[in-house]
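Working notes for the structure below.
The values are calculated or read from the model by the stated rules, or taken from the named source; none is laboratory data. Model, not experiment: these values are computed from the prediction. Note that we place each Cβ from the backbone using ideal geometry, even for glycine, and neighbour counts take in every protein chain shown. Keep in mind that these areas ignore ligands, DNA and RNA; they rest on the heavy atoms of the full protein, side chains included. Shrake-Rupley method; radii C 1.70, N 1.55, O 1.52, S 1.80 Å.
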Amino acid sequence: MSAKIRGSLLILLATAIGVMFIVPLIWMVTISLKTDIEAFLPDLSFIPKEPTMINYIEALRGGDLDVPIIRWIINSLIVSTVGTVLVLTIDALAAYGLARLDVPFRKALISLFLSTMMIPGIVWFVPQYILFQDLHLIGTYAAFFLPATAGVFGVFLLYQFFLGYPAEIEEAAYMDGANKWQIFVRMFLPASKSILWTLAVITFMGIFNDYIWPYYVSGGDEDMLTLTAGIAVMTHGSYVNYPNKLMALSVIATLPILIVFLLAQKSIVKGIIHSGIK
């Protein structure tokens with residue numbers, strides 16, 4: 001098979017995969033622009049006959065039950081932002097220590113950390129919930145983002161990059177009188193900016209999109225729910241008979257993630273290349 005044919009087949013495959021992902025999004029937006037009557041019609045047209053924005057207005061108002069949608073959006077943004085900052089800080093420090101400092105039992109620690117990536121996250125759910133309950137953190141914002149700080153994916157991602165950083169540059173900095181903290185802040189962090197951006201976007205998306213954990217640790221307080229957890233509640237609540245309003249709310253929940261990804265897509269590509277992810 002020639003390189004030209006192979007390239008054409010890869011383009012067709014990438015196009016097909018892209019269509020598989022984009023069609024549900026288009027369908028979601030289409031339903032959100034339909035009226036209540038049109039949303040229940042068996043017509044599968046992608047173009048609404050009478051486009052309307054009333055579904056978005058009613059979704060933000062919270063429907064007939066006065067659900068605190070705006071509060072959910074604020075909760076999601078706060079939890080995702082704080083969680084992302086904590087993950088970046090903790091993972092960068094841990095990766096630098098494991099890669100460049102003389103840490104006792106370093107190889108054993110790295111193997112132990114990596115082994116936790118083999119365990120499905122759902123396995124940790126009940127023990128983690130019991131731990132937070134014993135710490136009296138259920139029903140607090142800390143319970144939403146603290147579990148994310150225990151992930152080792154970011155540590156491993158940054159560890160790979162820090163391990164390959166030229167030792168000659170680091171030694172030259174030591175000879176100039178720089179200490180370990182100065183080298184970390186002034187050399188390693190700026191050099192890993194693209195990887196940090198990648199980790200930030202992945203972490204933000206993971207925390208923002210999670211709905212199972214926030215649903216249970218909210219303590220039954222409706223005002224404590226995040227947006228995705230609130231949407232899960234409304235699928236069998238006030239919006240069960242209004243798919244168009246539910247889709248409007250889903251579009252609103254998608255926008256922050258889409259904006260973050262579009263703003264950081266160049267850094268994400270660079271981070272993937274530099275970190276060696278295939």
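Among Gly97, Gly230, Gly121, determine the one that fluctuates most according to a GNM of the chain built with springs between C-alpha atoms less than 10 Å apart.
Gly121
Residue-wise, which Karplus ³J(HN,Hα) couplings in Hz belong to the range 218-233, taking 6.51 cos²θ - 1.76 cosθ + 1.60, θ = phi - 60°, and x for glycine or proline?
6, x, x, 8, 4, 6, 8, 5, 8, 5, 5, 5, x, 5, 4, 5
Lys/Arg Cβ at +1, Asp/Glu Cβ at -1, dipole of the chain taken about the Cα centre: which of Leu263, Phe161, Tyr216 is farthest positive-ward?
Checking the options against the dipole of the chain, the answer is Phe161.
With a cut-off of 8 Å between alpha carbons and a minimum separation of six or more residues, what is the relative contact order of the chain in percent?
31 percent
Would you mind computing Rg(Cα) / (2.2 N^0.38 Å) for the chain, counting N as its residues?
Taking N as the residue count of the chain, the ratio is 1.23.
Rounded to the nearest whole Å³, what is the per residue volume of the convex hull around the Cα atoms of the range 55-200?
Values: hull volume 24.6 nm³, N = 146.
Convex hull volume per residue, Cα atoms: 169 Å³.
Read phi for every residue in the range 260-265 and hand back ³J(HN,Hα) as whole Hz from Karplus 6.51 cos²θ - 1.76 cosθ + 1.60, θ = phi - 60°, with x for Gly and Pro.
3J(HN,Hα) across the range 260-265, in whole Hz: 4, 5, 5, 6, 10, 5.
Using only Cα atoms, tell me the angle between helix 3-32 and the longest principal axis of the chain; keep it within 0 to 90° and round to the nearest 10.
Helix 3-32 and the main axis of the chain meet at about 50 degrees.
Mean 1/r over all different Cα pairs, inverted: what Kirkwood radius does the range 1-120 give, in Å?
20.5 Å
Using only Cα atoms, tell me the angle between helix 69-100 and the longest principal axis of the chain; keep it within 0 to 90° and round to the nearest 10.
20 degrees
Please work out how much accessible surface Asp134 shows to a 1.4 Å probe, ignoring ligands, DNA and RNA, in Å² rounded to 10.
My reading of the accessible area for Asp134 is about 100 Å².
Order the following by accessible area, largest value first: Asp36, Asp102. Probe radius 1.4 Å; ligands, DNA and RNA are ignored. Could you put the intermediate results ahead of the total?
Values: Asp36 60, Asp102 150 Å².
Most to least solvent-accessible, the answer reads Asp102, Asp36.
For the range 49-134, would you read off the P(r) tail past 16 Å as a percentage of all alpha carbon pairs?
Across the range 49-134, Cα pairs with separations above 16 Å total 76 percent.
Determine Rg/Rh for the range 155-244; Rg is computed over alpha-carbon atoms and Rh is the Kirkwood hydrodynamic estimate from the same atoms.
My calculation puts Rg/Rh at 1.31.
Output ³J(HN,Hα) for the range 149-155: one whole-Hz value per residue in order, computed from phi by the Karplus curve 6.51 cos²θ - 1.76 cosθ + 1.60 with θ = phi - 60°, and x for Gly and Pro.
6, 8, x, 9, 4, x, 4
Nearest 10 degrees, 0 to 90: what angle lies between the long axis of helix 193-209 and the longest principal axis of the chain (Cα atoms)?
With both axes taken from Cα atoms, the answer is about 40 degrees.
Please give the FRET efficiency for Phe40 paired with Met117, using the beta carbon to beta carbon distance and R0 = 51 Å, rounded to the nearest 0.05.
Given R0 = 51 Å and the Cβ-Cβ separation, E is 0.70.
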